[in-house]
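These notes are about the structure you will find just below.
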Amino acid sequence: MKKTLIAACAITMSTLTACGGSSSAGDDSNDDTITMGFAQVGAESGWRTANTKSIQEEAKAAGVDLKFSDAQQKQENQIKAIRSYIQQKVDVIAFSPVVETGWDTVLLEAKRAGIPVILTDRAVDSDDDSLYETFLGSDFVLEGEKAGQWLVDNVADADVDGDGAVNVVELQGTTGAAPAIDRKTGFESVIFAEDSISVVASQTGDFTRDGGKKVMESFLKSEKGIDVVYAHNDDMGLGAIEAIEAAGLTPGEDVKIITVDAVKDGMAALAEGKINFIVECNPLLGPQLMDLAKKVLAGEDVPKRVVTEESTFTQEEAVEALPDRQY
Ligand code: AHR
């Protein structure tokens with residue numbers, strides 16, 4: 001596939017300005033290697049670590065020269081990284097936007113420089129979809145809906161203290177991030193149908209284990225009769241488990257826990273009975289990203305949206321899946 005692409009690029013070098021090594025961004029070297037600038041969100045979670053590994057390994061396997069930066073969960077760092085990739089005249093820029101809004105200016109700069117942009121994992125909120133070629137990632141609203149549906153289906157069990165009210169506390173992801181907004185929206189849209197369920201407190205834990213632990217500690221002090229934790233990712237759920245255990249309660253029994261991701265640590269906690277249900281979010285986006293980048297640079301049509309396929313896990317399913325879990 002790579003050889004075919006490079007051969008095609010070599011033949012049409014003078015006319016196909018978007019091919020790697022002869023990009024319209026003005027790289028005047030004769031090297032056919034595709035150069036990709038990737039601006040990563042950070043290293044906030046097990047999911048993110050697996051996502052970074054997938055992108056780095058797959059770039060190597062595909063012969064793509066990857067320039068990688070870690071924004072430490074700050075939008076200004078990502079914008080700086082993208083500007084530096086524009087200056088370096090990379091062939092293609094890919095990034096996972098830390099928050100949804102505020103990207104139009106820098107994306108317009110990339111467009112004017114003739115550098116195609118691919119969104120991975122998270123979306124941008126912009127009226128102008130010509131600012132990027134395609135968006136590869138999960139349907140976060142659907143993930144929230146799956147989490148809500150499990151709760152509705154298990155509402156009797158989830159009323160741990162049997163008082164007729166299912167009190168949920170929500171650990172939100174990074175404020176303004178697409179998965180935080182969408183997982184909240186999806187979850188609420190489904191639990192709305194069940195009168196006994198209500199979200200009694202909701203706060204950001206920034207997608208980190210430490211954040212989840214701290215927020216859960218404060219919920220345990222401020223809220224009475226917590227039945228369920230809905231954490232927007234495994235790491236915050238694992239932090240909540242630490243807080244629940246420190247308070248002398250049994251996670252998974254005294255407090256039911258629903259999370260999103262299904263990384264190894266989350267799956268181990270699910271198999272052990274400390275988490276009750278996990279909605280999968282697949283971080284292994286590297287192969288599809290490299291494929292899309294090659295197609296875009298070869299001038300081929302690509303879908304504007306590529307949705308990742310995902311499933312869900314109960315405790316029994318986690319026991320079965322854990323030995324083969326890749327990440
Ligand atoms: O954008 C994907 C989310 O970001 C993952 O669910 C979470 O773990 C990560 O930090």
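Please go through the stretch 264-317 and give me each residue that is more than 16 Å from the ligand (Cβ to nearest atom) and in contact with a strand residue (DSSP E or B) (Cβ under 7 Å, 6 or more places away or on another chain), ordered by number.
Answer for the stretch 264-317, where residues must be more than 16 Å from the ligand (Cβ to nearest atom) and in contact with a strand residue (DSSP E or B) (Cβ under 7 Å, 6 or more places away or on another chain): 274, 276, 292, 293, 296, 297, 302, 303, 304, 314.
Let me spell it out: the conditions are (1) in contact with a Pro (Cβ under 6 Å, 6 or more places away or on another chain); (2) among the small types (Gly, Ala, Ser); (3) at pLDDT below 95, and residue 173 meets all of them except one. Which number is the exception?
With (1) in contact with a Pro (Cβ under 6 Å, 6 or more places away or on another chain); (2) among the small types (Gly, Ala, Ser); (3) at pLDDT below 95 applied to residue 173, the lone miss is (3).
For the condition touching a residue at least 60 places away in the same chain (Cβ under 8 Å) and either over 24 Å from residue 308 (Cβ atoms) or assigned by TED's automatic domain parsing to the domain that holds residue 133 (or both), what is the one hit in 264, 214, 256?
Result of the check over 264, 214, 256: 256.
Given the condition under 30 Å from residue 114 (Cα atoms) and acidic (Asp, Glu), answer yes or no: does some residue in the stretch 283-296 qualify? Write out each step before concluding.
The initial filter retains those residues of the stretch 283-296 that are under 30 Å from residue 114 (Cα atoms), namely 283-296.
Filter once more, keeping what is acidic (Asp, Glu): 291.
Checking the stretch 283-296: at least one residue is under 30 Å from residue 114 (Cα atoms) and acidic (Asp, Glu).
Looking only at residues in the stretch 50-69 that are buried (at least 16 other Cβ atoms within 10 Å of the Cβ) and without any contact (Cβ under 8 Å) to a residue 40 or more places away in the chain, which one is farthest from residue 265 (Cα to Cα)?
Going through the qualifying residues, I end up with 65.
The values are calculated or read from the model by the stated rules, or taken from the named source; none is laboratory data. Just so it is clear, the structure is predicted and the values come from calculations on it, not from any experiment. Cβ sites come from the backbone with ideal geometry, for glycine too, and all protein chains shown count toward neighbours.
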